[in-house]
Amino acid sequence: MTTPFARTDNSILGRWWWTVDHWLLATVSFLLGIGFFLTMAASPAVAERLHLDSFYFVKRHALYLIPVFAIIFFVSTMDIQKIRRFSFIVYAIGILFLIMTYFFGVEIKGARRWLNFGGFSIQPSEFIKPAVVVLSAWMLSEREVNSRFPGNILALGFYGFAVLLLLLQPDMGMVVLMTITMFGQFFLAGLPVLWVLIAAASSVGVLFGAYFLFPHVTQRIDRFLDRDAGDKYSDRYQITQSLEAFMNGGFLGQGPGEGTVKKHLPDAHADFIYAVAAEEFGFVLCIIILGLFAFLVLRTISRMLNENNLFIVIAVSGLIMELGIQAMINIASTLGLIPTKGMTLPFISYGGSSMLALAMGFGMVLGLTRRRLQGEG
């Protein structure tokens, strides 16, 4: 196997190349490639419907790939302490931006999740996700070193403050994702199972409360349950179109550019891109995508089996758990198993904030699993 760097290369790139997990890097690169390919297939129909240049989303997606790879490299060169500090900075800025969205955010489909900066839109909650995971892991691991350190409380504080602001938007999908990840991290940190179950039951209560308190959540769930919804912007309509795409695609698909459902799906290039993959490339590509996500998760978990640093175990497990669950939520909503969450398919769906935030989180995974970090306290 030829490599771009010799083992004796002491440059930053050389040291980075020989210490990162090449399998993880290759898997994410492959997912990004599939994402760009599917964006070329799905987005022209969406762009034309919005009276934009046919390749508007394709060009922007290609443009995002440059900072995506730059962020992955930059973050993965950091050591443990730098990743912790970086996460705190991202969290602080993210919280500030979440507060700003409450006052200045753009309302889309009943929720304020976006801030506009000179023609560019940013979704702060995407960047909060990995930051909370790392900060929680930091607090929980410090508690193991010093039993008097209130790590549990501080971890809940970081998580709770972010979730409170997300509920005000509201962004229930993000709340669910972060909550499940937090339960997993607490379990890894040794929290009794009973506590986890009690917390899970409390979260179910919060979800029921959200249904009655937030009209946006009420409408989304009601539309999901309404089998007769015919409005082309309703969740039920999109799910019906998505399921039709799966049926049309069959085993091998109808071929690149031959799908028709994407012409009717408002989010064919984003939340429902998995349906486009099914219609044009069939069951085969869907299984390949699932296999890549499964490999990414299992490969990362296998790296943790012999890891002695509790912070690395909790942080990396939380980050990859969050990514895997996000993929599951997106695919489940595409298949009509759960209400749509407005959540992208990691590394594949179009979306600048999502791609950049996922790159940051994956960069942290690569950085914390680098061989030179093994055994550090």
### Query
Before we move on, is residue 263 in contact with a Ser or Thr (Cβ under 9 Å, 6 or more places away or on another chain) and basic (Lys, Arg)?
no
### Query
All but one of (1) within 30 Å of residue 215 (Cα to Cα); (2) out of contact with any helix residue (DSSP H, G or I) (no Cβ under 8 Å at 6 or more places or on another chain); (3) small (Gly, Ala, Ser) hold for residue 26; which doesn't?
(1)
### Message
Condition check: of a type in the set (Gly, Ala, Ser), out of contact with any Asp or Glu (no Cβ under 7 Å at 6 or more places or on another chain) and over 30 Å from residue 263 (Cα atoms). Does residue 121 satisfy that?
### Response
no
### Query
Considering only the stretch 263-292, how many residues are among the charged types (D, E, K, R), buried (at least 24 other Cβ atoms within 10 Å of the Cβ) and part of a helix (DSSP H, G or I)?
2
### Residue match in the stretch 321-332 (condition: among the charged types (D, E, K, R) and assigned to a helix (DSSP H, G or I))
yes
### Task
Sort out which residues of the stretch 46-92 are surrounded by 15 or more Cβ atoms within 10 Å (Cβ to Cβ) and in contact with a Ser or Thr (Cβ under 7 Å, 6 or more places away or on another chain), and write them in order of number.
47, 57, 58, 61
### Message
Can you tell me which residue is farthest from residue 152 (Cα to Cα) among those in the stretch 340-358 that are among the aliphatic types (A, V, I, L, M) and surrounded by 21 or more Cβ atoms within 10 Å (Cβ to Cβ)?
### Response
348
### Task
Please report, ordered by residue number, the helices (runs of 4 or more DSSP H) entirely within the stretch 152-240 with at least 3 residues that are modelled with pLDDT of 85 or more and within 22 Å of the chain's Cα centre (by Cα).
172-188
### Condition check for residue 302: surrounded by fewer than 15 Cβ atoms within 10 Å (Cβ to Cβ), of a type outside the set (Asp, Glu) and more than 16 Å from residue 28 (Cα to Cα)
yes
### Condition met for residue 337 (more than 15 Å from the chain's Cα centre (by Cα), surrounded by fewer than 20 Cβ atoms within 10 Å (Cβ to Cβ) and closer than 18 Å to residue 189 by Cα)
no
### Task
Enumerate the helices (runs of 4 or more DSSP H) found wholly within the stretch 1-94, keeping only those where 3 or more residues are free of Cβ contacts under 8 Å to residues at least 24 places away in the same chain and over 22 Å from residue 357 (Cβ atoms).
12-17, 22-49
### Residue check for residue 297: buried (at least 24 other Cβ atoms within 10 Å of the Cβ), in a helix (DSSP H, G or I) and out of contact with any strand residue (DSSP E or B) (no Cβ under 9 Å at 6 or more places or on another chain)
no
### Task
Find all pairs meeting these conditions: Cβ atoms under 6 angstrom apart; at least six residues apart or on different chains; first residue within the stretch 147-171 and under 12 Å from residue 128 (Cα atoms) and touching a residue at least 24 places away in the same chain (Cβ under 8 Å); second residue β-branched (Val, Ile, Thr) and surrounded by 17 or more Cβ atoms within 10 Å (Cβ to Cβ).
158/132; 159/132; 162/128; 162/132; 166/175
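The values are calculated or read from the model by the stated rules, or taken from the named source; none is laboratory data. As the structure is a prediction and not an experimental result, all values here were calculated from the model. A quick note on method: Cβ atoms are made from the backbone with ideal geometry, for glycine too, and the neighbour counts reach across all protein chains shown.
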